[in-house]
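To start, the structure itself, in structure tokens.
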């Protein structure tokens, strides 16, 4: 008799937040450095979509970044545990992801860019964290557990898959499934098409104007964050929040509305241990969106579509 774990349990890894908090916090700051490099070079796209990272087959990548007449890419490789920088003229620099201070990672990354003729200056410190130690001075955050980093990436792979399926049901304006390094969360955001009230801001060490751009239009957002539960949490919220949304029934039973966070939460472990993890997460994403769209009087007929609508002609 086989004792091998079911495929769903192998696909959705177990990673307790308390077991990798030091690595998570260091990696969070590393992603901020890389994200700020993209921010320096890429032209503004609405809601800061030009600064995010994307889940790749090996880790997290910036995708192509413009630099004069070239393109370059920075990728966290969580299989071989390298940071890899490649440019469109064939240049490449690589260094190890291992336990090292943020200050060292910062120096190594900028030196690698200089070696490729991509001199870059970024703002000196992190955003949306407190305290915000300048990158070049941060010797406090210096942890890297390669097994934990890979497991986190594997969590993101699964979340990305299912969120991509959810995204396909919307024909209106919708973001990519991408990782915002400010809070280290994988997100996908749908928009009603209407402008929103000016966001009040308030994120630590982050200008209010950043949030004004991010929340300039009415939205319903969902994502995964490696906090908020024993193994992380999926979330969903609307801005502006429609009256009464907290009272709407959502699925699965493990999902709940958090007044403290102003959003619906679903513990990652409730998805991981479900008989059908994909469907469990899809139930959460669809029902929380419906709550936001119905309470907010979105034109759902115009904004939604069946992703299989052409399958009969393929």
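Computed from the coordinates by the stated procedures, all read-outs in this text should not be read as laboratory data. Note that the structure is predicted; figures quoted are calculated from it, not measured. For neighbour counting, all protein chains shown are included, and Cβ atoms are generated from backbone atoms with ideal geometry for every residue, glycine included.
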(request) Compute the length gained on full extension between residue 286 and residue 299: take 0.36 nm times their separation in residues and subtract their Cα-Cα distance, giving the result in nm to one decimal. (result) 3.1 nm
(message) Along each principal axis of its Cα atoms, how long is the chain end to end? Whole angstroms, biggest number first, please.
(response) 58, 53, 48
(request) At q = 0.10 Å⁻¹, what is the base-10 log of I(q)/I(0) for region 229-314 according to the Debye formula with one equal point scatterer per Cα and no solvent? Please give it to two decimals. (result) -0.30
(request) Report the label-to-label distance for residue 58 and residue 165 in nanometres (one decimal), using points 7 Å from each Cα along the Cα→Cβ vector. (result) 2.8
(request) Report the convex hull volume per residue for region 146-303, counting only C-alpha atoms, in Å³. (result) 118
(request) Output the Kirkwood hydrodynamic radius of region 64-152, Cα pairs only, in Å rounded to one decimal. (result) 14.2
(message) Largest first, please: the extent of the C-alpha atoms of region 14-137 along each principal axis, to the nearest Å.
(response) 45, 29, 28
(request) Give me the Debye-computed log₁₀ of I(q)/I(0) at q = 0.11, 0.13 Å⁻¹ for region 121-230, equal point scatterers on Cα only, no solvent, two decimals. (result) -0.48, -0.66
